[in-house]
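*Asks:* Below is the structure I would like to discuss, written out as structure tokens.
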Amino acid sequence: MSYSPNSVRVIAMFILLFSFLSKVISLGTPPNYYFDEVYHAFTARQYLHQNPQAYDPWATPPQGVAFEWTHPPLAKIFMAVSMSLVGENAFGWRFSSVVFGTGVIALTMAIAFLLFRNGRVAVLAGALLSVDGLFFVQSRIAMNDSHFLFFFLLSLYFYLRWKTSGSWKTIVGSGMAFGLALACKWTAIYLLPILALDQLFLLIQTKKFEITRYAKMICVFLLIPPVMYLASYTQYFSMGFTWKQYIDLQQQMWWYHTSLKATHPYQSMPLQWIFDLRPVWMYSGSTDTIARNIYNLGNPILFYGGLIAIIALVLKQFEKYDQNQSFLLVMYGMIWIPWSFSPRIMFFYHYTPAVPSLAIALAYLLIRASQHPTGKLVLKGTFLLALIWFVAFYPHLSGMEVPRWFAEKVYFTVPSWK
């Protein structure tokens, strides 16, 4: 069974609407900062009010909050813009995360289509991502994750377009998006080995060394991203900070991320992430009889199904190499494997950028399998289970009230989930 282009567009729009509405419901709850909003949302509000202390690593913040200078400013700037448009409140400082998170689902579908030229794979990937818990929670909290991931995927989208068209506009778009991702979070640098490995595999496969093509890539990614990154500090320089202070700030950021020795009860390691073993308890408003929590728990159907799909695609490469499947595998691996070598404290949400790859891989294998009658049942059953999990765990992801006994029996069935 195949869908017409119009049908694919309608289904994709429905998925985006579902994703947006499911995230925006009760977005203002809790009404105060929770988890890392005490850094990101607080600092975004200081940007809104033109407070130069927000950029100063030596400034003393009010009690209970802190100035967030350890990441570049762009995501927080979007939060400030969001507040200026919809209100300086919890809804306002979280709204931009919802918008960019919805954009991530659109880009996931677009990348899936570019890789496999199959509308069913694209919409199923978007549908699976829209019911994941980790991505859902990170797309409705005032942190930089959904902003960063949007530009990261946008860069990959333009790069894939450039591979087929060779257009200057698309490779320039990829470079600009990469610069914007870098201006949200330094881990955008993981994009470069994805592109480098993809070009290396392409060279091995085609045996064509296209010097002009490589020169374009190198020029774009050497020249454009630094300009975009520097532009994100426009407000910083407009407040009177000097070039020397800017260099010092970048050094402080580097020292913070490479020297941080802190511990946390909900820290985890990359190998725990892939098995969905250690979510982060981000908020609690529970009483003796009522549970009201926010955990960024991944949807086990997607996490384990996606992991099986990734392993299956790896094995298929030994049988017959496929460039698009290989790109997806590299995209998945290079987004999270480098964290294994990080010296700093790590959390489950650092795995968020890998979830779109899991969704695409699982969607691709399920659609392939659906060519057979049994495979159709597996596809429908897999998505139905993923949807049921999302509905059942929605309160646990969004801070809605449920009876405490229900939370204990359902949400904490795996001891490490508590």
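The values are calculated or read from the model by the stated rules, or taken from the named source; none is laboratory data. Here the structure is a predicted model, which is why all the values come from computation and not from measurement. As a convention, Cβ positions derive from the backbone with ideal geometry for all residues, glycine included, and neighbour counts pool all protein chains shown.
*Asks:* Go over the candidates A177, A196 one by one and state the one that is under 19 Å from I111 (Cβ atoms) and either buried (at least 21 other Cβ atoms within 10 Å of the Cβ) or among the β-branched types (V, I, T) (or both).
*Replies:* A177 is the lone residue from the list that is under 19 Å from I111 (Cβ atoms) and either buried (at least 21 other Cβ atoms within 10 Å of the Cβ) or among the β-branched types (V, I, T) (or both).
*Asks:* To continue, here is another question. Residues in segment 42-64: is at least one at pLDDT 95 or above, assigned to a loop (DSSP other than H, G, I, E, B) and buried (at least 24 other Cβ atoms within 10 Å of the Cβ)?
*Replies:* no
*Asks:* Only one of L302, L387 is within 13 Å of I274 (Cβ to Cβ) and assigned to a helix (DSSP H, G or I); which?
*Replies:* Step by step, each of L302, L387 is checked, and only L302 is within 13 Å of I274 (Cβ to Cβ) and assigned to a helix (DSSP H, G or I).
*Asks:* Further question on the same structure: Condition first: of a type in the set (V, I, T) and either touching a residue at least 40 places away in the same chain (Cβ under 8 Å) or surrounded by 12 or more Cβ atoms within 10 Å (Cβ to Cβ) (or both). Now tell me which residues in segment 233-267 satisfy that.
*Replies:* Selection gives T258, T263.
*Asks:* So which of R94, R140 ends up being part of a loop (DSSP other than H, G, I, E, B), farther than 30 Å from Q251 by Cβ and of a type outside the set (D, E)?
*Replies:* Result of the check over R94, R140: R140.
*Asks:* Look through segment 126-137, keep the residues that are of a type outside the set (A, V, I, L, M) and assigned to a helix (DSSP H, G or I), and return whichever of them is farthest from L27 (Cα to Cα).
*Replies:* Of everything passing the filter in segment 126-137, G126 is farthest from L27 (Cα to Cα).
*Asks:* Can you tell me how many residues within segment 66-109 are under 15 Å from the mean Cα position of the chain (by Cα) and of a type in the set (G, A, S)?
*Replies:* Count: 6.
*Asks:* So which residues in segment 65-92 are surrounded by 22 or more Cβ atoms within 10 Å (Cβ to Cβ) and more than 23 Å from W186 (Cβ to Cβ), if there are any at all?
*Replies:* Within segment 65-92, M83, G92 qualify.
*Asks:* Then there is this: Filter segment 268-291 down to the residues that are within 23 Å of H71 (Cβ to Cβ) and loosely packed, with under 15 Cβ neighbours inside 10 Å and list them by number.
*Replies:* Hit for segment 268-291 is M269, nothing else.
*Asks:* Right, here's the next one. Taking into account only those residues within segment 230-289 that are of a type in the set (S, T, N, Q) and part of a loop (DSSP other than H, G, I, E, B), which is farthest from P415 (Cα to Cα)?
*Replies:* T242
*Asks:* Within segment 395-406, restricting attention to residues that are more than 17 Å from F35 (Cβ to Cβ) and out of contact with any Ser or Thr (no Cβ under 8 Å at 6 or more places or on another chain), which residue is surrounded by the fewest Cβ atoms within 10 Å (Cβ to Cβ)?
*Replies:* The qualifying residue surrounded by the fewest Cβ atoms within 10 Å (Cβ to Cβ) is W405.
*Asks:* Out of F393, F318, F341, which single residue is among the aromatic types (F, W, Y) and under 27 Å from T206 (Cβ atoms)?
*Replies:* F318
*Asks:* Shifting gears a bit: Give me the pairs: first residue in segment 57-76 and closer than 12 Å to Q252 by Cα and touching a residue at least 40 places away in the same chain (Cβ under 8 Å), second residue in a loop (DSSP other than H, G, I, E, B) and small (G, A, S), beta-carbon distance under 8 Å, and six or more apart or on different chains, which are they?
*Replies:* As it stands, the answer is P72/A183; P72/S232, since those pairs meet every condition given.
*Asks:* Out of everything in segment 336-378 that is farther than 16 Å from Q272 by Cβ and β-branched (V, I, T), what residue ends up being surrounded by the most Cβ atoms within 10 Å (Cβ to Cβ)?
*Replies:* So, considering only residues that are farther than 16 Å from Q272 by Cβ and β-branched (V, I, T), the one surrounded by the most Cβ atoms within 10 Å (Cβ to Cβ) is I360.
*Asks:* Considering V8, V86, V81, which residue is touching a residue at least 24 places away in the same chain (Cβ under 8 Å) and of a type in the set (A, V, I, L, M)?
*Replies:* Step by step, each of V8, V86, V81 is checked, and only V8 is touching a residue at least 24 places away in the same chain (Cβ under 8 Å) and of a type in the set (A, V, I, L, M).
*Asks:* Working only within segment 138-174, note down all residues that are of a type in the set (G, A, S), modelled with pLDDT of 95 or more and either in contact with an Asp or Glu (Cβ under 7 Å, 6 or more places away or on another chain) or surrounded by fewer than 24 Cβ atoms within 10 Å (Cβ to Cβ) (or both).
*Replies:* Scanning segment 138-174 gives A142, G173.
For every residue, the table says whether it meets (1) closer than 24 Å to F14 by Cα; (2) touching a residue at least 40 places away in the same chain (Cβ under 8 Å); (3) not in a helix (DSSP H, G or I).
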| site | (1), (2), (3) |
| --- | --- |
| V121 | yes, yes, no |
| L124 | yes, yes, no |
| F151 | yes, no, no |
| K163 | no, no, no |
| V172 | no, yes, no |
| I194 | no, yes, no |
| I204 | no, no, no |
| K208 | no, no, yes |
| T212 | no, no, no |
